[in-house]
Every structure is written in structure tokens, then in C-alpha cells.
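The structure appears right after this line, and notes come after that.
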Amino acid sequence: MSILVPYLHFIGIMTLMGSLIAEHLLLKPNIGRQQIRTLVSVDLIYGISAIVVLTTGLLRWFVYGKGSDYYLSNPFFHTKLTLFVIMGILSIFPTIQFLKWKKQVNAGFEMIIDEKTVQKQLMFVRVELLLVAIIPLLAVMVARGV
Ligand code: HEM
């Protein structure tokens, strides 16, 4: 388990980043029904990978790591957790939008997705990508006891 948990932490992180990049590539004005369905599936993968990252992170924190006190006393660990929580909050907005689009698609509505709405969702995804790029730096600093 002490090997499996860190391994799954990395797999979760890689999948999370991959799904964010996929969302970024899929988000375009006037996307079609099929792409909307794909976006919803990719967003589900994103959600599952975030749960994997969180669960394995908690296991590393409390069970397989250097002891919970070690992490609690490190300010970079607090920053890492804060950024992760911000990522989680930001991800709610695209998820709500994708589900709304899916509902409209399923109801058979003609989809006209304007540039402004797409740009707004892209902004959330870009900030999340930035955060997920910063978090590993903090994680390495925590692990090295900086
Ligand atoms: C997107 C979110 C996250 C990313 C990108 C990330 C990244 C990483 C990386 C790269 C490491 C390995 C560091 C190293 O060995 O050099 C690591 C370790 C760790 N992570 Fe995360 N992590 C994330 C979320 C979390 C969360 C939410 C928690 C806690 C709830 C957490 C807890 C830990 C712990 C305890 C370690 C072990 C540090 C050590 O070796 O002492 N991580 N993380």
C-alpha cells in the first residue's frame, strides 16, 4: 500500500491534468451535440480523478506519509491544500454549465453557444490548469522539508 498510494496519487494527478487539457481543447463556440456529451464525460473523469487525488492525498497525510504533524507544521502544505480547494470550487462552474448544455441537448433544443459563454468557461479551466501546475512545486517542497 505504501507504494500503491503514492502511485495512485500520481495517476490521479496525471488524469486530472489530462482531462483539464481535453476540456480546454473541446471548449469552442458552437460546439455540437456530440462534443457536449464528450465534455460531460471528460468532466466526470476529471471529478473521479480529483477524488482519487484527494483520497490518496489524505492517506499519504494520515497513514503512509511522514506523520500528520509534519505536514500540518509546513506552510507550503497549507498553501497546497488551499489551492486544491480553490481548484475544486472553480471546477463547479464549468460542471454546472456542461450539465445545462447536456440537458438542452437531450431535450432536443437547437444549441447556439456564444463566444462569451465559452470564454468564461475557458477562463475557469485555465486558472485550474495554472493551479495544477503550481501544486506539484509545493508538494516537492513539502516532501523535501523546505
Ligand atoms: C491536484 C492536486 C495535487 C497535486 C498536483 C499533488 C502533487 C503531489 C506530488 C507531486 C507529490 C510528491 C512529492 C514528492 O515526493 O516529491 C505529492 C505528495 C503528497 N501529497 Fe499531493 N498533490 C495534490 C493533492 C493533494 C491533496 C489534496 C493532499 C491531501 C489531502 C495531498 C497530500 C500529499 C501528501 C501527504 C504527500 C506526501 C508528501 C511526502 O512525501 O512527504 N496532495 N503530491
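The values are calculated or read from the model by the stated rules, or taken from the named source; none is laboratory data. Because the structure is predicted, anything quoted here is derived from the model rather than measured. Because the Cβ atoms are built from the backbone with ideal geometry, glycine has one as well, and the counts that use them run over all protein chains shown.
Against the condition in a helix (DSSP H, G or I), in contact (Cβ under 8 Å) with a residue 40 or more places away in the chain, touching a helix residue (DSSP H, G or I) at 6+ places or on another chain (Cβ under 7 Å) and over 24 Å from LEU8 (Cβ atoms), how does LEU122 come out, does it pass?
Numbers: in a helix (DSSP H, G or I): yes; in contact (Cβ under 8 Å) with a residue 40 or more places away in the chain: yes; touching a helix residue (DSSP H, G or I) at 6+ places or on another chain (Cβ under 7 Å): yes; over 24 Å from LEU8 (Cβ atoms): yes.
So LEU122 passes the test.
Which is modelled with pLDDT of 95 or more, within 11 Å of the ligand (Cβ to nearest atom) and surrounded by 14 or more Cβ atoms within 10 Å (Cβ to Cβ), of GLY12, GLY18?
On the way: GLY18 fails: within 11 Å of the ligand (Cβ to nearest atom).
Answer to the selection: GLY12.
Considering region 73-99, and only residues there that are in contact with a Gly (Cβ under 9 Å, 6 or more places away or on another chain) and more than 10 Å from the ligand (Cβ to nearest atom), the residue that is farthest from MET141 (Cα to Cα) turns out to be THR95.
For the subset of region 112-125 comprising residues that are among the β-branched types (Val, Ile, Thr) and either loosely packed, with under 11 Cβ neighbours inside 10 Å or under 11 Å from the mean Cα position of the chain (by Cα) (or both), which member is farthest from the ligand (Cβ to nearest atom)? Full working, then the answer.
So the first thing to find is which residues in region 112-125 are among the β-branched types (Val, Ile, Thr), and the list is 112-113, 117-118, 125.
Cutting the leftovers down to either loosely packed, with under 11 Cβ neighbours inside 10 Å or under 11 Å from the mean Cα position of the chain (by Cα) (or both) gives us 112, 125.
Values: ILE112: 34, VAL125: 14 Å.
Only one residue fits best here, namely ILE112.
Annotation note: Cβ proximity below 9 Å between a residue of region 127-146 that is under 14 Å from LYS66 (Cα atoms) and among the small types (Gly, Ala, Ser) and a residue that is more than 7 Å from the ligand (Cβ to nearest atom) and assigned to a loop (DSSP other than H, G, I, E, B) (sequence gap 6+ or interchain) occurs for GLY145/ASN74. Counting just the residues of region 2-36 that are part of a loop (DSSP other than H, G, I, E, B) and on the phi < 0 side of the Ramachandran plot, which one comes out nearest to the chain's Cα centre (by Cα)? Only one residue fits best here, namely LEU27.
Per-residue answers, yes or no, for (1) surrounded by 15 or more Cβ atoms within 10 Å (Cβ to Cβ); (2) out of contact with any His (no Cβ under 6 Å at 6 or more places or on another chain); (3) closer than 30 Å to MET1 by Cβ:
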| position | (1), (2), (3) |
| --- | --- |
| LEU58 | no, yes, yes |
| ASP69 | no, yes, yes |
| LEU72 | no, yes, yes |
| PHE76 | yes, yes, yes |
| MET87 | yes, yes, yes |
| SER91 | yes, yes, yes |
| PRO94 | yes, yes, no |
| LEU99 | no, yes, no |
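A quick yes/no check of all residues on (1) surrounded by 15 or more Cβ atoms within 10 Å (Cβ to Cβ); (2) polar (S, T, N, Q); (3) near the ligand (Cβ under 9 Å from one of its atoms); (4) under 17 Å from the mean Cα position of the chain (by Cα):
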residue	(1), (2), (3), (4)
LYS103	no, no, no, no
GLU110	no, no, no, no
VAL127	no, no, no, yes
ILE135	yes, no, yes, yes
MET141	yes, no, yes, no
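Taking the criterion of being in contact (Cβ under 8 Å) with a residue 12 or more places away in the chain, within 11 Å of the ligand (Cβ to nearest atom) and either at positive phi or among the small types (Gly, Ala, Ser) (or both), the residues of region 37-72 that qualify are SER49, ALA50, GLY57.
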